[in-house]
Amino acid sequence: MTSRVVHSTRASRIGMSVAAVLILVLLTVPWWGDRATMRLLVEIFYILALAQLWNLLAGYGGLVSVGQQAFIGLGGYLLFILVIFLDIGTIWTVPMAGILGAVISLPIAFIVFRLRGHYFAIGTWVVAEVFLLGFAQVKALGGGSGMSLPIAAIKSIAASRADRDATIYWLALALAVAVIAGIYLLLRSRYGLALTAIRDSEEASRSLGVDNFRAKLMVFILAAFGTSAIGALIYITKIRITPSAAFDINWTVTIIFIVVIGGIGSIEGPIVGTLIFFLLREPLAPYGTWYLILLGVTAVAVMLKAPKGLWGLFSERFDIALFPVQRRLLLGTDDKPG
Amino acid sequence: MSLLEIRNLDAFYGDFQALFGFDFDLEEHETVAAIGANGAGKTTLLRAITGMVAATSEVLSYRGESIQSREAADIVALGVAMVPEGRRLFPSLSVEENLVIGGYSGRPGRWSLERVYELFPALRNRRSVPGTALSGGEQQMTAIGRALMSNPDLILFDELSLGLAPVVVKEIYEVLPVIKAEGTAMVVVEQDINRALEVADRVYCLQEGRLALTGAPGDLTRDRISAAYFGT
Amino acid sequence: MIEWVNSIVQGVLTGGLYALFAAGLAIIFGVMRLVNIAHGDLIVLAAFVAMVTIETTGVDPFVSMVAVLPFMFFFGYVLQRGILNYTLGDDLLPPLLVTFGISIVIQNLLLEIFSADSQRLKAGPIEVSSVELVEGIELGTLPLIVFVIAVALIFALQIGFSRTRLGRAFRATSDDPSTARLMGINQKHIFGLAMAVSLVLVAIAGIFIGIRTNFDPALGPTRLLFAFEAVIIGGLGSMWGTLAGGVILGVAQNIGAKIDPGWQFLAGHIAFLVILVLRPNGLFPRTRDD
């Protein structure tokens, strides 16, 4: 068990430099990459950002939500509502969906925060189901069969298809970078310390004067903000929305598997998990359900044998942290039944 | 062969070590008092015997059989019972159910519900109320009765008098000779030194996780005990 | 007017089935504070096990219980001792994420083996028979039988908890696991038995789903939500609370469906959320704190 006081390490400085170079290279993709590559990268960016946000919730905030698809779908529907009924510029719906998602997350938090621990997880899922079934009832939004983005709204992004693709690409890249940087800065701040304290021991942190409720609420709202904004972006790329796809539990399934396999409770973990997910998905896509079964079995095995995930194994072995934030202190685990 | 033999015991709570190279012996039918200040390691000793805390040792044997890293439930089945600190009655079980569950491991022996009620007549009328509805003294009686129901050869009492009124403590201590007369060995962890010395054949005095002093009560002077207790 | 009464009566009958889903969830939560996200998928698994049993032996769905119940009992015990016991501790994440993973694995294995087609367990002429209570209220014989069995099982569970040695061990472990170990109660074994009992209830529920409605591999998650909602509405005080929770949920869904078919499940979820806001500890909470 290592405890760190120093944030900056040699590995982290190298990591930051590599990240900076990588971002610069990724910025240039629209000038040399083909359309398929860009589409794949956009998907990687938004899944990575979603995974980071879920990791913030569960890995740091202790809020294991199984209902984040509520905000993905909400963001998607906000895109359509803002564009079609309020004539907002398509790109501008992304930050607006984020803000509105954060506002709507408040009453949701009021309800689901009444459920403690394990029950919170399923409570969030119920909320997502309510959104799914509720949006399916709204005739103006196409009911259960959903709706498509008007051509004019798509054209408003940019005149040519290449420019549109590039704009969406940069937007997705910007979101992913902003989410990772934001979480990194948050965790290194005073709030990050409070979050780590809560995760390690709710009671101890309370006795230290940390306001658990406020800290958790803040994390919940931040995750809702980010997830809703990403939801709007996702449906800019998809153009068509249906309630059953937008509020699909499989969004959260994918995210959870990525975070668990990569390593929960670290910023590197979701990055590793996302890379593994997409690397394996390409060759295993023809096997469909077997790929999900494989992911499920892997996630169970990782949770049992290496609860800090693949990144946890790697960083413990080589004592490396690319994004060093306060680490978790492991206390007595000898009382576990087996 | 001693009933309980412990050599070089280290016990841990996570990274915190509570006992250091501790040696301990207990003969059949013997009553031993373990005394010491808060945090001296008395409770940890009992928890190590019952397999409730992470511990390593050269020898940790009961009737010559190693109980190192045995499951708590198995150790109880061998005839070791515990009266835990704070009584720890089961709130959703009635007094009688609390007693009955003490005999869960099904060890045969002389103790029965009827005999426990004879020992503690006060419990008989309260048999169907929840354990937590009892007074502190009655709760302690239930906890002792619960331990007796497993027909143990060894009972570990943790902080027997803690939080009880003096008159109740007296009543509880009057029961110990009855239990002893059945041939049951006892380890009594106690902060009330005088009480402990009254019943004990031998005393172990712990200090910061180590053995500070041991001997028969008659052989130990007050000064030596308080020196061992307070570490002066 | 009579149609509304009918909706409520039908809802009560459905609620019995929901209470069965919920009872299994409530037991394992009570004994070991585990929320099993795979609960709904295990119900569907049991229905498929029954289907295979019926297809290979040609027995009636009710008779298939002779094989399916012991199978699920064994399955539950092994699942708990082989996997889930290793996830229990102070950290909430491992049990949640492991049961979540198991849920996805079961769902997709069923999908791979049995395809996404809807299935049904055929119970014969009993499926279509009914009794007329008063004019306008007709009770299907099958839903009625399911309801009666569900209530009887809840009653038996309540008795089992309060009167048997195993029931005492369950309650003691639920109250205070470490002191329970000092009573000679083998915690791992008790947890295994709790999951085994839970999956017997799951097996019965699965077979009842199979004969009352269609089922397919994707049905699990919604059944988990119904079970969960019934448990929370009921309030963990007793099995009777769970039965009440199931009935309230069933009635809410049927009234919703009466207003608009699209509102069936929505109405159930909303009823749950409203009760959660008004009575966070459910309608029949435990009297003691924990």
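Numerical summary
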item	result
Length gained when the stretch residue B:175-residue B:1 is fully extended (0.36 nm per residue, less Cα-Cα span)	59.9 nm
Pair residue C:278, residue A:32: separation of 7 Å Cα→Cβ label points (nm)	6.5 nm
Apportionment of accessible area to carbon and sulfur, chain B, percent (1.4 Å)	50 percent
Accessible area expressed per residue, chain B, with surrounding protein chains retained (probe 1.4 Å, Å²)	39 Å²
Rounded to 5, the percent of DSSP beta bridges in segment B:4-230 classed as antiparallel	55 percent
Fraction of accessible area attributable to carbon and sulfur, segment C:2-278 (%, probe 1.4 Å)	67 percent
At 1.002 mPa s and 20 °C, Stokes D of segment C:93-222 from Kirkwood alpha-carbon radius, µm² per second	119 µm²/s
Amide H partners (placed H, <5 Å) of residue B:59, local residues excluded	B:7
Exposure rank, largest accessible area first [A:106, C:157; 1.4 Å]	A:106, C:157
Rounded FRET efficiency, nearest 0.05, which uses the C-beta distance separating residue C:144 from residue B:112 and R0 of 45 Å	0.45
Neighbourhood net charge (9 Å Cβ-Cβ; Lys/Arg +1, Asp/Glu -1) for residue B:71	+2
Accessible carbon and sulfur surface of segment A:249-323 relative to its total accessible area, %, 1.4 Å	72 percent
Accessible area in the full protein assembly, largest first, 1.4 Å probe, for B:149, B:1	B:1, B:149
Percent of Cα pairs exceeding the 23 Å cut-off, where the set is chain B	46 percent
Equivalent-ellipsoid semi-axes of segment C:8-138, from the Cα gyration tensor, Å, largest first	31, 20, 14
Residue-averaged beta-carbon neighbours from other chains (10 angstrom radius) around A:116-129	6
Where C:55, B:138, C:3 fall by accessible area, highest first, once all protein chains stay in place (1.4 Å)	C:55, C:3, B:138
Cβ-Cβ FRET estimate between residue A:84 and residue C:56, R0 fixed at 60 Å, reported to 0.05	0.65
Size of the A/C contact, given as accessible area buried on both chains, probe 1.4 Å, in Å²	4400 Å²
Semi-axes of the equivalent ellipsoid for segment A:65-130, Cα gyration tensor, largest first, Å	27, 10, 8
Length-normalised contact order of chain B in % [C-alpha pairs under 8 Å, at least 6 apart]	27 percent
Extreme residue, positive dipole direction of the protein assembly as shown, given options A:255, A:101, C:252 (C-beta unit charges)	A:101
For q = 0.11 Å⁻¹, Debye-computed log10 I/I(0) when each Cα of segment C:2-278 counts as one equal scatterer	-0.62
Relative contact order computed over chain A (Cα-Cα under 8 Å; 6+ residues apart), in percent	32 percent
Distance between modelled label sites at residue A:239 and residue B:227, nm, 7 Å Cα→Cβ extension	9.3 nm
Heavy atoms of residue C:86: accessible area, 1.4 Å probe, square angstrom to 10	120 Å²
All-pairs Cα distance distribution in the protein assembly as shown, expressed in whole percent, bin size 20 Å	14, 40, 33, 13, 2, 0
Accessible area of residue B:178 in the full protein assembly, 1.4 Å probe (Å², nearest 10)	60 Å²
Rg to Rh quotient for segment A:249-323, alpha carbon positions, Kirkwood Rh	0.99
Long-range HN-HN contacts of residue B:186 with modeled amide H, under 5 Å	B:30, B:31, B:32, B:155
Helix C:264-278 vs. chain C, principal-axis angle (Cα, 0 to 90°, nearest 10)	50 degrees
With all protein chains modelled, accessible area of residue A:183 [1.4 Å, Å²]	10 Å²
Cα-projected label distance for residue A:155 with residue C:259, points at 7 Å along beta-carbon direction, nm	4.2 nm
Helix C:165-175 vs. chain C, principal-axis angle (Cα, 0 to 90°, nearest 10)	70 degrees
Calculated FRET efficiency for the pair residue A:319/residue C:165, C-beta based, R₀ 45 Å, to 0.05	0.30
Alpha carbon convex hull of segment B:174-232, projected area averaged over orientations, nm²	4.3 nm²
Volume in Å³ per residue [convex hull over Cα atoms, computed for segment C:89-142]	182 Å³
Stokes-Einstein D for chain A, Kirkwood Rh over Cα pairs, 4 °C, 1.567 mPa s (µm²/s)	62 µm²/s
Gyration tensor over alpha-carbon atoms, segment C:181-264, equivalent ellipsoid semi-axes in Å	31, 17, 10
For segment A:55-198, projected area of the alpha-carbon convex hull averaged over all directions, nm²	9.8 nm²
Degrees between helix A:289-305 axis and first principal axis of chain A (Cα, 0 to 90, nearest 10)	20 degrees
Relative contact order %, chain C, counting alpha carbon pairs below 8 Å whose residues are six or more apart	36 percent
Inverse of mean 1/r across different Cα pairs in segment A:86-167, Kirkwood, Å	15.6 Å
Within 10 Å of each Cβ in A:291-302, the average number of Cβ atoms from other chains	5
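The values are calculated or read from the model by the stated rules, or taken from the named source; none is laboratory data. What you are looking at is a predicted structure, and each value in this text was computed from that prediction instead of being measured. With ideal geometry, Cβ positions are generated from the backbone for all residues, glycine too; neighbour counts draw on all protein chains shown. The area values use the complete protein model at the heavy-atom level, side chains included, leaving out ligands, DNA and RNA. Shrake-Rupley method; radii C 1.70, N 1.55, O 1.52, S 1.80 Å.
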